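To keep things clear, I will list the structure first and then write my remarks on it.
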């Protein structure tokens with residue numbers, strides 16, 4: 001929510017829950033801000049980001065992820081952790097040929113460039129997030145290439161080959177339509193930015209996608225348009 005509560009009397013979109021056990025009946029879904037050029041709706045409910053990504057996954061809207069057969073959500077892995085989604089590709093005999101672990105991060109904050117000609121950059125996180133650090137670390141450790149050795153040629157030369165059937169992706173869903181690029185934020189969480197760099201070097205795929213939110217003025221149902229991938233910078237400070 002950093003940078004989103006600076007304007008008084010900002011317009012918001014709420015959803016209502018009928019769950020009697022909830023402390024509050026309403027959930028803040030979106031908030032409208034002025035970015036210096038125009039008004040922009042920004043999605044602030046992280047659970048909504050997962051729902052949007054799930055729909056995109058089941059609809060095969062991310063070409064970077066390749067082909068897969070099934071989508072599972074909230075799959076347990078590592079120690080007391082769950083990954084948001086697992087995409088499974090099956091072999092002809094029905095066995096599992098490959099699994100891709102997908103973690104989703106909801107992005108709301110944007111940093112302005114040094115001058116008017118600079119692009120607005122979406123960044124994550126907006127504060128130190130030990131939870132996000134933990135997710136990236138566990139994903140990197142779990143999916144680090146597993147190696148085995150083999151003997152080749154008369155000189156008994158040993159060569160390492162990968163035996164892993166898993167891969168990993170982190171999808172940063174930018175819930176605003178006014179950004180031109182994305183980067184992990186050194187300014188807000190240097191350790192997370194460094195962990196993302198390590199993850200990428202270990203083969204973890206980092207994707208950033210922007211979406212445009214179009215709330216309905218009458219009820220909580222609105223439209224979300226997936227705009228496409230954003231160019232990525234290594235870090236933003």
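Every read-out reported here was derived from the displayed coordinates using simple, explicitly stated rules and does not represent laboratory data. Please read all numbers here as calculations on a predicted model, not as lab measurements. Please note: Cβ atoms are built from the backbone with ideal geometry, for glycine as well, and neighbour counts cover all protein chains shown.
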* Mean shadow area of the stretch 23-127, taken as a quarter of the surface of its Cα convex hull (nm²) -> 10.7
* Asked: Per the helix-only calculation at 222 nm, which mean residue ellipticity applies to the chain, given -39500 (n - 2.57) for every DSSP H run of n ≥ 4 and division by its residues, nearest 500 deg cm²/dmol?
  -> -5000 deg cm²/dmol
* To the nearest 10 degrees, how steep is helix 190-201 against the longest Cα principal axis of the chain, on a 0 to 90 scale? -> 40
* **Ascending count of other beta-carbon atoms within 10 Å, so fewest first, for 209, 26** => 26, 209
* Per residue Cα convex hull volume in Å³ - calculated over the chain -> 179
* Can you give the % of DSSP beta bridges in the chain that are antiparallel, to the nearest 5? -> 65
* Output the Cα-based Rg and Dmax of the stretch 77-126 in Å, rounding Rg to one decimal and Dmax to a whole number. => 18.8, 58
* **Where labels lie 7 Å past Cα in the beta-carbon direction, separation of residue 78 and residue 166 in nm** => 1.1
* To do: Rank the residues 182, 62 as a footprinting-exposure proxy: fewest other Cβ atoms within 10 Å of their Cβ go first.
  => 62, 182
